[in-house]
Structures are given as C-alpha cells and as structure tokens.
Amino acid sequence: MSAVIATRGLVKRYGRLRAVDGIDLDVRAGDVYGFLGANGSGKTTTVRMLLGLVLATSGDIELLGARTARARQRVLPRVGALIEGPASYGHLSGRENLALLDASGPGGSWRTRTRRIAAVLEQVGLGGVGRRPVKAYSLGMRQRLGLAGALLRRPDLLVLDEPTNGLDPQGISEIRALLIDLHRGGTTIFLSSHLLAEVEQLCSRVGVLDRGRLVLQDELATLTAPTGATVVVTPAPEQARALLDGRLTSVTGDRLVVRGSDPAEVNALLVRGGVPVTGLAIERPTLEEVVLARTAASPDRVEAHP
Ligand code: ATP
C-alpha cells in the first residue's frame, strides 16, 4: 500500500503553543481517512501545512511521493482541497465561479473547459441551478460548489477540512453520498472533522488528534473489531443470568454481555433453557468508546453527535 500522505515528527509552533506537536500521519492510497479532533486540536493547521499554505516549524511531509517543498508544489495540482468554507464571488453564478478557478487549471479548448465545468457541476448535484448567483445559494449548495472546484482537476487526493460544518442533516447526507461516490471512483480522501459519528459512517481509517498530538491512528475495522463477547437482549434477564452464570461480563437491564463470540451457541443455550431472546449480536466497541478511552483526560472534547 503506497503512502499518499506521510508526515514524520510534524510540528507547528505559534509562540509557545505547539498547535501541532510531532505527528506521524499515514494515509494510504484508497483510504477515506478521518482526521478527528476537537475544536482547536490542530486539524486546520495540519491541513494547511500539508497543502503548503503554512510552513512547518519542523518535521517532514511526503505528499503523493513528493518529499521536498518544491516537489510538493509540483504534485499539488493532483490534490483537490476545500478548507474553511469555499471562497466564491456571490454575484457570479456557480458556473462562472468555476470558470475563474479553471482559468488557472489544466487548460484546453473553450469546449473542453465548458464540458469539464458542466461535468463537475453535475457530479456535485448542481447541474440544474442555471445562472442563479452564488449569494442566493444555501450553505449546502456553496459547500458543494467548493467541492466542484476541488474536483476540477480530477484529483487523486481530496483534502477536506470539516466539509459538513454548518450543514443541515440533508446537506450532510448529500455531501456524504458524494464523497462515497468519489471514493468508489478511485479518489483517496482525507477529511478533518470534530464529529465522531460522521467519521464512523464514512471513513476506513482514522487518526485522532488531541491537543496537537496524534493519540490514535488505525483502520476503523481494527479499532472496532469484535471484543470476543456476545450481547444478548432478553425480557427474562434473571432466567438468562442463571443459565449463563460464570460467563457474564455485565448485565444492564435486559442487556447481558456474555463471554464467547459465537452468538448461535449462546442462543441455543438460552432457547434450550426456555429463555426468550429478542436481540443477539457480536459485541464491538463503538468509535466513540475507543476515542474516549484514548482522550480520557478531556472526554468532552470530541463530539459524538452533531
Ligand atoms: P477548529 O475545528 O476550531 O478549526 P482545529 O483543530 O482546526 O480547530 P487549529 O485551527 O489548527 O485547530 O488551531 C490549533 C491551535 O493553534 C489553536 O489553539 C489555535 O488558536 C492556534 N492557532 C491556529 N492558527 C494560529 C495562528 N495563525 N496564530 C496563532 N495561533 C494559531
């Protein structure tokens, strides 16, 4: 698996504050990487360093195989970026805004450019908005226009800073669907977020930033792998308790956690004993539980739900 983004000991200091404090990011081709952290944990600063918008105090950055600042400048056209809300001219239409952006892009004939712009507008679901000025767009439409701008060069890597910030549930689900689509088309996605639920739904790999430090980085599937226990829900917990004596790790109301990762075996045991079973599942920790365990000193810093 090749590294799309790799940093070693990346630091950004503002005076005495170490906004980013020695992080080793590892983003691989094909990842949807969720860069999770509370407000002020250093996400935007990291993204800005990756894109060459802010100079690192120390450490190394490798972007699409490019290690030096000059080499990174050369690969930046292969990176689509959306940071801190898209900039656009309110009095112009989405199409006109994209035409301005495209003017510094890969070039081509007038016809090629027009087609390219129409294609990205279609891709983000803004194909039908016509000549409406951007100032009349909803926040979700503006965010989608920003994404359209990031897609103009058909990037290999998309870097998005809080792409659903400020959007309503409808807007969030539209952006999510769009990102899933882009990922299916082969784009590696790196997105920062302070929302656990968003990252859990969208990402294959997760990095957690806590006050400038990367406290966790792994595949989501590994982080939320089965614990080796089975969760049973029954309206007769006392009866179940008697049958499963010695194997229970916890009982909360009608929910019992039983050692052993074979739900069929647990079910058979209960049914033989005449205990009704209304729910049966392999136990897995949620991303929220995993993250809170690692950021225990500041449990309220990452939001579980919008
Ligand atoms: P948010 O989700 O609120 O954008 P973040 O995780 O992106 O938060 P950053 O914006 O990277 O966090 O900020 C990290 C820390 O660095 C904060 O304490 C912030 O105040 C500080 N900081 C960021 N930019 C500057 C700057 N230009 N000068 C001084 N301090 C800065």
Being within 15 Å of the ligand (Cβ to nearest atom) and of a type outside the set (A, V, I, L, M, F, W, C) is the filter here, so list the residues in segment 60-90 that pass it. GLU84, GLY85
Those residues of segment 42-67 which are charged (D, E, K, R), surrounded by fewer than 18 Cβ atoms within 10 Å (Cβ to Cβ) and either part of a helix (DSSP H, G or I) or without any contact (Cβ under 8 Å) to a residue 40 or more places away in the chain (or both), in sequence order: ARG67
Consider PRO235 against the criteria (1) of a type outside the set (Lys, Arg); (2) in contact (Cβ under 8 Å) with a residue 40 or more places away in the chain; (3) farther than 21 Å from VAL47 by Cβ; (4) not assigned by TED's automatic domain parsing to the domain that holds VAL266: it satisfies all of them except one. Which criterion is unmet? (4)
Only one of ALA56, ALA69, ALA38 is over 25 Å from GLY185 (Cα atoms), of a type in the set (A, V, I, L, M) and in contact with a helix residue (DSSP H, G or I) (Cβ under 8 Å, 6 or more places away or on another chain); which? ALA56
Considering (1) surrounded by 15 or more Cβ atoms within 10 Å (Cβ to Cβ); (2) farther than 17 Å from LEU82 by Cβ, say which one ASN39 fails and leave the rest. (1)
Selection from segment 12-53 of residues within 8 Å of the ligand (Cβ to nearest atom), of a type in the set (A, V, I, L, M, F, W, C) and closer than 21 Å to GLU162 by Cα yields ALA19, VAL20, ALA38, VAL47
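Can you tell me which residue is surrounded by the fewest Cβ atoms within 10 Å (Cβ to Cβ) among those in segment 1-36 that are of a type in the set (D, E, K, R) and within 18 Å of the chain's Cα centre (by Cα)? Step through it out loud before you land on a result.
Here is the first cut: in segment 1-36, the residues of a type in the set (D, E, K, R) are 8, 12-13, 16, 18, 21, 24, 26, 28, 31.
Retained after the next criterion (residues that are within 18 Å of the chain's Cα centre (by Cα)): 24, 26, 28, 31.
Values: ASP24: 14, ASP26: 18, ARG28: 16, ASP31: 21.
The extreme case among them is ASP24.
Among residues belonging to segment 68-104 that are assigned to a loop (DSSP other than H, G, I, E, B), surrounded by fewer than 16 Cβ atoms within 10 Å (Cβ to Cβ) and not polar (S, T, N, Q), point out the one that is modelled with the lowest pLDDT. If you could, list the steps in order and put the result at the bottom.
Of the residues in segment 68-104, the ones assigned to a loop (DSSP other than H, G, I, E, B) are 68, 83-92, 103-104.
Still in the running and surrounded by fewer than 16 Cβ atoms within 10 Å (Cβ to Cβ): 68, 84-85, 87, 89-91, 103-104.
Among the residues that remain, those that are also not polar (S, T, N, Q) are: 84-85, 87, 89-91, 103.
On the way: GLU84: 72, GLY85: 65, ALA87: 73, TYR89: 86, GLY90: 87, HIS91: 91, ALA103: 72.
For segment 68-104, the residue satisfying everything is GLY85.
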Any residue in segment 269-295 that's under 27 Å from ASP210 (Cα atoms): show its pairings with residues that are among the basic types (Lys, Arg) at Cβ separation under 7 Å, as long as the two are six or more apart or on different chains. THR295/ARG301
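Which residue, of ARG184, ARG131, ARG113, is in the same structural domain as LEU64 (by TED's automatic domain parsing) and either surrounded by 14 or more Cβ atoms within 10 Å (Cβ to Cβ) or within 16 Å of the ligand (Cβ to nearest atom) (or both)?
Details: ARG184 fails: either surrounded by 14 or more Cβ atoms within 10 Å (Cβ to Cβ) or within 16 Å of the ligand (Cβ to nearest atom) (or both); ARG131 fails: either surrounded by 14 or more Cβ atoms within 10 Å (Cβ to Cβ) or within 16 Å of the ligand (Cβ to nearest atom) (or both).
Every option except ARG113 fails the conditions.
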Consider segment 25-41. How many of its residues are outside any strand (DSSP E or B) and among the hydroxyl-bearing types (Ser, Thr, Tyr)? 1
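Restricting attention to segment 256-275, which residues are surrounded by 13 or more Cβ atoms within 10 Å (Cβ to Cβ) and aliphatic (A, V, I, L, M)?
Start the filter on segment 256-275 by keeping residues that are surrounded by 13 or more Cβ atoms within 10 Å (Cβ to Cβ), which leaves 256-261, 263, 266-267, 269-270, 273, 275.
Those that are surrounded by 13 or more Cβ atoms within 10 Å (Cβ to Cβ) and aliphatic (A, V, I, L, M): LEU256, VAL257, VAL258, VAL266, LEU269, LEU270, VAL275.
The values are calculated or read from the model by the stated rules, or taken from the named source; none is laboratory data. Please read these numbers as outputs of a predicted model, since none were measured by experiment. For neighbour counting, all protein chains shown are included, and Cβ atoms are generated from backbone atoms with ideal geometry for every residue, glycine included.
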